1. Go through region 1-15 and count every residue that is free of Cβ contacts under 8 Å to residues at least 40 places away in the same chain and closer than 30 Å to Arg242 by Cα.
2. Assess whether Pro108 counts as being outside any helix (DSSP H, G or I), touching a residue at least 60 places away in the same chain (Cβ under 8 Å) and either surrounded by fewer than 19 Cβ atoms within 10 Å (Cβ to Cβ) or among the basic types (Lys, Arg) (or both).
3. From Gly65, Gly49, which residue is on the phi < 0 side of the Ramachandran plot and at pLDDT below 95?
4. Count, please, the residues in region 80-105 that happen to be more than 20 Å from Pro123 (Cβ to Cβ), among the β-branched types (Val, Ile, Thr) and open to solvent by less than 70 Å² (accessible area, probe 1.4 Å).
5. Considering region 209-249 alone, what residues qualify as being in a loop (DSSP other than H, G, I, E, B), open to solvent by 30 Å² or more (accessible area, probe 1.4 Å), at pLDDT below 85 and not β-branched (Val, Ile, Thr)?
6. Within region 161-184, count every residue that is on the phi < 0 side of the Ramachandran plot and either aliphatic (A, V, I, L, M) or part of a helix (DSSP H, G or I) (or both).
7. Mind listing whichever residues of region 22-41 are assigned to a helix (DSSP H, G or I), in contact (Cβ under 8 Å) with a residue 60 or more places away in the chain and over 12 Å from Leu86 (Cα atoms)?
8. Which of the residues belonging to region 1-46 are in contact with a Pro (Cβ under 9 Å, 6 or more places away or on another chain) and either modelled with pLDDT under 95 or open to solvent by 20 Å² or more (accessible area, probe 1.4 Å) (or both)?
Amino acid sequence: MPLTVAVQMDPIARIRITGDSTFALLLEAQARGHRLLHYTPDRLQLRGGRVETMAEPLTVQDVEGDHARLGEPYLVDLSTVDVVLLRQDPPFDLAYVTTTHLLERIHPATLVVNDPRSVRDAPEKLFVMDFPELMPPTLIARDRAAIEAFRAEHVAVVMKPLFGFGGAAVFKTGPNDPNFGSLFDLFTATLREPWVIQKFLPAVAQGDKRIILVDGEPRGAVNRVPASDDIRSNMVRGGAARETELTDREREICARIGPELKRRGLIFVGIDVIDGHLTEINVTSPTGIRAIKRLGGPDLAVAIWDAIESRRSGKAGL
């Protein structure tokens, strides 16, 4: 049955469709006959008990530079649509958190993907700490003495902002690094929250694997190999996408976390694994599905929409 699908995202005109997972989801939704609406998070509003937005009818095509056609905007009560895709990119700041509070008012009668409460309650570098046995040694702190003791114990560490994204402000530092004091001062001056300090894994040079789980099940993966002069494997930072298969250890990780993802209503999740160690669980706007398909893997937009439609059918009692 055709659904009305509203997508909350950054302006669609600005996206690069070759690697954009939201665009892949929109292409698949349109192919299934679903009606698409587009809006940006700044338009979301709460009027009395109604969650509303100015939205435009949307059609898409897989043509770079001519990928989206928008109709005239009009006021939409989001309780009247079937599905909202919560897909704007981080930063995961108070503006982002506020949208989850608003969307929580319509979910699950309107199915929000991913569940807005679970998105709010599962910051990507904090949620992963629920599974310390799967991770490299990790400290979340901003106390200098604690960080220096951790560096001394693990020789080389990576420091990154707790709510950072896309590989921004990720640094490697060792126990005798003369730049550490300046780096500490920079983080102190620019970030109010604690930071993530994690044991450096040299095997990152061979890749940081992004594994996509759909409704708690691993469905595909891409290995992101950093440039020779960088530790960051994010494709927006120059990482190269490579075909890959899951190892037994990676399947073990997925089996351990999958039931909790499903319980929380996190339908589309991307996890990052380096050398058999879980480093992040990405729930806000995970990406990777176009790269997986381009490298000969499955079209995971199909699996995600199968899961969404199954959830909708269950709610309708069909």
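The values are calculated or read from the model by the stated rules, or taken from the named source; none is laboratory data. This structure is a prediction, so every number in the text was calculated from the model and none was measured. Neighbour counts are summed over all protein chains in view; Cβ atoms, including those assigned to glycine, are modelled from backbone coordinates with ideal geometry. The accessibility values were calculated without ligands, DNA or RNA, using every heavy atom of the protein model including side chains. Shrake-Rupley method; radii C 1.70, N 1.55, O 1.52, S 1.80 Å.
1. 2
2. Values: outside any helix (DSSP H, G or I): yes; touching a residue at least 60 places away in the same chain (Cβ under 8 Å): yes; either surrounded by fewer than 19 Cβ atoms within 10 Å (Cβ to Cβ) or among the basic types (Lys, Arg) (or both): yes.
Criteria met by Pro108.
3. Details: Gly65 fails: on the phi < 0 side of the Ramachandran plot.
None of the other options fit; the residue is Gly49.
4. Going through region 80-105 one residue at a time, the tally reaches 3.
5. Once the filter is applied, which keeps residues that are in a loop (DSSP other than H, G, I, E, B), open to solvent by 30 Å² or more (accessible area, probe 1.4 Å), at pLDDT below 85 and not β-branched (Val, Ile, Thr), region 209-249 yields Ala227, Ser228, Asp229, Asp230, Arg232, Asn234, Gly238.
6. The initial filter retains those residues of region 161-184 that are on the phi < 0 side of the Ramachandran plot, namely 161-165, 168, 170-184.
Pick out the ones that are also either aliphatic (A, V, I, L, M) or part of a helix (DSSP H, G or I) (or both) and you get 162, 168, 170, 180-184.
Of the residues in region 161-184, 8 are on the phi < 0 side of the Ramachandran plot and either aliphatic (A, V, I, L, M) or part of a helix (DSSP H, G or I) (or both).
7. Phe23, Ala24, Leu27, Glu28, Ala29
8. Asp10, Arg32, Gly33, Arg35, Arg43
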